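In what follows, a structure is listed as structure tokens, so that the remarks can point back to it.
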Amino acid sequence: MTSGFYILDPDQLCAVRGVQGDHIVTRETLPVSARCVTSNGVGTELVPGGVNPVIFMGLALLALALTTGTVVGVRRHPYLR
């Protein structure tokens, strides 16, 4: 607790969100998702809705920057013309 960030375990996040009873935590990388699913089949999403659009926009900007950098580098290199 004295160094770094303290991040709640997904089980603790389920309890904070008010999910009652036994639950299973499911995770996905893309799109980013962490869900508490109760034994009744009721799911509660733990990742806020604005996270995935920000991540996908960041990936799109990264691809655009890499493509632009490559094109500019090839155009300026005297032996690759």
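Here is how the numbers come out for the structure above:
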item: Per principal axis, descending, Cα span of segment 16-80 in whole Å; result: 67, 17, 15
item: Potential extension, V47-V71 segment - 0.36 nm per residue separation minus Cα distance; result: 5.0 nm
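No lab work stands behind these numbers, since they all come straight from the coordinates. Please read these numbers as outputs of a predicted model, since none were measured by experiment.
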